[in-house]
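Heads up: the structure comes next, in structure tokens.
Nothing in this text is a laboratory measurement; each read-out follows from the coordinates by a stated rule. Just so we're clear, the structure is a prediction, and the values are computed from it rather than from any experiment. In this analysis, Cβ positions are derived from the backbone assuming ideal geometry, glycine residues included, and neighbour counts consider all displayed protein chains.
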Amino acid sequence: GEDVEQSLFLSVREGDSSVINCTYTDSSSTYLYWYKQEPGAGLQLLTYIFSNMDMKQDQRLTVLLNKKDKHLSLRIADTQTGDSAIYFCAESPTGRRALTFGSGTRLQVQP
Amino acid sequence: DTAVSQTPKYLVTQMGNDKSIKCEQNLGHDTMYWYKQDSKKFLKIMFSYNNKELIINETVPNRFSPKSPDKAHLNLHINSLELGDSAVYFCASSQGSNIQYFGAGTRLSVL
């Protein structure tokens with residue numbers, strides 16, 4: 001099957017690190033993605049990782065990929081109130097030109 | 001310039017009406033998509049077109065008819081609108097199976 005699972009909610013204090021986790025089932029995915037959706041807005045590509053990588057860092061964002069456990073995580077360092085949004089992980093199984101999304105994790109940042 | 005643009009941004013209509021949503025991308029991509037986001041924020045692929053050819057057609061009622069006049073456009077026509085069609089519809093594009101870029105979404109409300 002193509003199920004992507006995420007916890008629904010995460011609350012952190014401003015300045016702390018946030019870690020959003022995701023598990024997926026389709027090991028053929030070439031890329032794994034993190035998208036951000038602010039209230040009433042569209043989907044913004046935040047970052048992505050190629051399946052042959054274990055880690056990718058981009059400024060405050062760190063993506064970790066554990067292919068053995070089919071686990072993907074997004075760490076946001078020094079979380080700011082502007083990071084409050086829903087974060088979706090998504091996989092793109094090889095040969096299927098469509099993304100399978102998780103249910104989204106709502107990140108709430110307390111001042 | 002917006003890379004993937006959808007019109008209209010908001011659409012409010014009565015049950016039974018027919019409506020269209022338009023999408024255009026200026027990225028030179030060969031593949032375009034329609035996704036539906038329901039009230040619980042769950043995102044699911046509806047259709048995918050590659051070079052104007054339909055390549056993915058999920059279990060979507062045949063009241064929904066996508067049309068791709070050229071590679072840069074993918075429109076979505078919906079006949080006989082129902083209450084359950086109320087959702088946010090996202091258009092996206094990619095070059096092959098590479099990264100997908102999303103439009104801002106069209107919020108459809110059926111009364």
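Quick notes on this one:
- Count - residues of region A:80-96 that are buried (at least 22 other Cβ atoms within 10 Å of the Cβ) and either of a type in the set (Asp, Glu) or farther than 15 Å from residue A:25 by Cα (or both): 3
- Residue tally, condition of a type outside the set (Lys, Arg) and either out of contact with any strand residue (DSSP E or B) (no Cβ under 9 Å at 6 or more places or on another chain) or within 14 Å of residue B:36 (Cβ to Cβ) (or both), over region B:56-73: 10
- Strands (runs of 3 or more DSSP E) contained entirely in region A:54-111, each with at least 2 residues that are within 13 Å of chain B (Cβ to nearest Cβ): A:85-93, A:105-110
- Residue that is surrounded by the most Cβ atoms within 10 Å (Cβ to Cβ), among those in region B:31-48 that are more than 8 Å from every other protein chain (Cβ to nearest Cβ) and either of a type in the set (Lys, Arg) or closer than 13 Å to residue B:96 by Cβ (or both): B:32
- Scan of region A:53-74 for residues that are free of Cβ contacts under 8 Å to residues at least 12 places away in the same chain and touching a Lys or Arg at 6+ places or on another chain (Cβ under 8 Å), ordered by number: A:64
- Options B:88, B:60; residue that is under 22 Å from residue A:37 (Cα atoms), aliphatic (A, V, I, L, M) and within 14 Å of chain A (Cβ to nearest Cβ): B:88
- Note on region B:8-18: residues that are surrounded by 16 or more Cβ atoms within 10 Å (Cβ to Cβ) and within 14 Å of residue B:88 (Cβ to Cβ) total 1.
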